[in-house]
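Below is one structure, written out as structure tokens, with a few remarks after it.
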């Protein structure tokens, strides 16, 4: 009979750490159930992932997915989270065991990371993953030697095929069940005398200042070395002032003595690894040249480019067109539900709030799901196979000219469909500066929601009969809009990169992992987790804002003083003019008048905040032809063309049209984008920055177009 | 010579990395320590970045950074 776990004992915590591309996440998913808890570490953009697993003796344990890093030195938020989760710093729980996932193919590099973890005296199991790939490369690993030299349990796995997991669970269970785990092995390498002296200098301060557990002298020395490596004069790392002071002092002395920390602390560890390597690894000629052969095609100047264009075209087509039917299905479903409920529920404020506010808001959130699911299906498959890194490798030269890394390409491309999935996709960018820069520029790329607005305004102001060459003016204008919006996004990257995001970008070192089949569970988990993250955080913000917007557009109620028998469309129109939004539209007229806009367009701009294409429906309501029309609606177009200003000039001149198009190209008019930016940057500051820089830029650009156009004599 | 000048398909031994912006420490942590053998697998179709193979794995690095890596042809 299995012993019953002691209920008084707190649930054990197991950290899963390792290099990027070591199959760490696949292993994590293979060990745990279908439910992982996703959260953000407070104040930073790094996601925390935890899930539970059941072990025979230890009972239920919590697994923590530690961000993948090549080292524990903290220079990026990811690396800082990695060390904090392993040591239990900054309020995080200290793990009872650490699974260090080693890449069997790049074993030496993985051993460097393993040594760093072990130096802190943590109870470690080395999980040598992807041993099948190593066999293919002709690498024979000697687990017994590894166990002996490192003094820790070692398990070989192929996480994607679920191989070796039973033994791993057993080993982990043994380690956790052991009331008094074996003493942590001492450091595997001997620091030189000077470095040793430097490390000793921290000891008293670490004993007095450090709150988390550093049980042994070796662990304190490991933390001292970590401080020396991580604390630089410019780093924003949060460290006790006294420890920071010592670290800076020691580093300054090290430089004055002409010493080299990288050699003393990094090369020295690798020297030990190189010394052990012949006993741990036997290299035979590779049995498989799979990755070489695939790469010969996929990075080939001609074939590689062709495959790249095809895959990117497929992603674009899927987001831009093929997700359309699914979005329509969601819209119709939500509309149908609202329609059915409208007949059942008693008329009144509550019914309207529920149907037009809440249900419409839920629909407005759900409608993004198809694009998010599709994009992350592609991204997780491309990432799982190893192609995503190759795509970045191929396009990097081009992206560098724009001041970005190749990894920014897929998010930028997705922006032509919708900024929401595009901003979520920036998670694939390693470097924080590039990631934020991309997020800030993505909304300038003309997304598909702007197309109905462009179509309506072009149809109004550029008659289809007008032709330049064999193309109609409207087609040329639309083409120009897309070219110009792409250029604007690049301009923003250039300008923001030189001002707001000044400073040398951290050079990116991109690993090109061996090609492999993606793990289906990991692909599904990525799709599910990204959708859930969107629904729970961005979704709630969007929902609340939809309800607020609905209140603005529907209250206070008009209609009591309208004569009976007024047409429904006219009632709607009167209601909108009477509403808060209508009044705001009127109030802001003096502000937007220099752009060529009147109060009706003002209302449209407010309504467009729900989603840009809502502008068309709002115009329909304002002009009293009903809100269900689309951009091709003749009645709406005619009503708009008949509209005159108080002085008798038409409202919709080509110049007003161009000015409005320019405004829509630039302005941050999408609350969903703001909500998702808030989630992905974990900062209201950056969200407000995005809103304000785009709004100001849009205003100035439209002002320039309209006033410049008038000065040049256009109507 | 520096790594950016090593022709595709050739092997080289790493001598040292010029310190710049913390790159030296990061590269060393990834196993590019003095004395390590590496090979340049290919250059990207547009000439940059380059792909190297070192300690069993493949790494992409821009020429600008590769120019800081001093090495000896093998």
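Couple of notes before you dig in:
- Residue count, segment A:387-409 (criterion: farther than 20 Å from residue A:501 by Cβ and more than 10 Å from chain B (Cβ to nearest Cβ)): 3
- One residue stands out in segment A:479-516 among those that are within 14 Å of chain B (Cβ to nearest Cβ) and touching a helix residue (DSSP H, G or I) at 6+ places or on another chain (Cβ under 6 Å): the one that is farthest from residue A:448 (Cα to Cα), namely A:514.
- Only a single item in (1) in contact (Cβ under 8 Å) with a residue 24 or more places away in the chain; (2) within 28 Å of residue A:283 (Cα to Cα); (3) facing chain A (nearest Cβ under 9 Å) is not met by residue B:37, and it is number (3).
- Some residue of segment B:59-72 being free of Cβ contacts under 8 Å to residues at least 24 places away in the same chain and more than 8 Å from every other protein chain (Cβ to nearest Cβ): no
- Hey, residue A:523 surrounded by fewer than 21 Cβ atoms within 10 Å (Cβ to Cβ), in contact (Cβ under 8 Å) with a residue 12 or more places away in the chain, more than 14 Å from chain B (Cβ to nearest Cβ) and over 28 Å from residue A:20 (Cα atoms) or not: no
- In the set (1) away from every other protein chain (no Cβ under 14 Å); (2) over 26 Å from the mean Cα position of the chain (by Cα); (3) at pLDDT 95 or above, residue A:115 fails one condition alone, (1).
- Residue ID - farthest from the other protein chains (Cβ to nearest Cβ), chosen from residues in segment B:12-22 that are in a strand (DSSP E or B) and closer than 13 Å to residue B:66 by Cα: B:12
- Among residues of segment A:154-192, those that are within 16 Å of residue A:121 (Cα to Cα) and surrounded by 18 or more Cβ atoms within 10 Å (Cβ to Cβ), counted: 4
- Total residues in segment A:158-201, condition farther than 30 Å from residue A:260 by Cα and assigned to a helix (DSSP H, G or I): 16
- Restricting segment B:23-34 to residues that are at the interface with another protein chain (Cβ under 8 Å from one of its Cβ atoms) and under 19 Å from residue A:393 (Cβ atoms), the residue that is surrounded by the most Cβ atoms within 10 Å (Cβ to Cβ) is B:27.
- Residue A:607 satisfies every condition listed in (1) at pLDDT 85 or above; (2) more than 22 Å from residue A:474 (Cβ to Cβ); (3) touching a helix residue (DSSP H, G or I) at 6+ places or on another chain (Cβ under 7 Å) except (1).
- Complete set of residues in segment A:221-245 that are surrounded by fewer than 21 Cβ atoms within 10 Å (Cβ to Cβ) and farther than 23 Å from residue A:77 by Cβ: A:242, A:245
- The residues listed here are B:47, B:9, B:56; of these, the one that is within 21 Å of residue A:513 (Cα to Cα), at pLDDT below 95 and more than 8 Å from every other protein chain (Cβ to nearest Cβ) is B:9.
- Residues that are closer than 19 Å to residue A:538 by Cα, surrounded by fewer than 13 Cβ atoms within 10 Å (Cβ to Cβ) and within 30 Å of the chain's Cα centre (by Cα) do not occur anywhere in segment A:687-707.
- Among the candidates A:678, A:710, the residue that is in a helix (DSSP H, G or I) and within 19 Å of residue A:545 (Cα to Cα) is uniquely A:678.
- Members of segment A:451-474 that are surrounded by fewer than 18 Cβ atoms within 10 Å (Cβ to Cβ) and out of contact with any strand residue (DSSP E or B) (no Cβ under 9 Å at 6 or more places or on another chain): A:451, A:455, A:467, A:468, A:469, A:470, A:471, A:472
- Sole exception among (1) within 7 Å of chain A (Cβ to nearest Cβ); (2) farther than 21 Å from residue A:72 by Cα; (3) not in a strand (DSSP E or B) for residue B:42, by number: (3)
- Options A:667, A:682: the member that is touching a strand residue (DSSP E or B) at 6+ places or on another chain (Cβ under 8 Å) and at pLDDT 85 or above: A:682
- Those residues of segment A:87-112 which are over 28 Å from the mean Cα position of the chain (by Cα) and assigned to a helix (DSSP H, G or I), in sequence order: A:107, A:108, A:111, A:112
- Residue within segment A:128-140 that is touching a strand residue (DSSP E or B) at 6+ places or on another chain (Cβ under 8 Å), more than 14 Å from chain B (Cβ to nearest Cβ) and at pLDDT 95 or above present: no
The values are calculated or read from the model by the stated rules, or taken from the named source; none is laboratory data. It should be emphasised that the depicted structure is a prediction, and the values quoted were computed from it without experimental measurement. Counting neighbours? That spans all protein chains shown, and the Cβs are built from the backbone with ideal geometry, glycine included.
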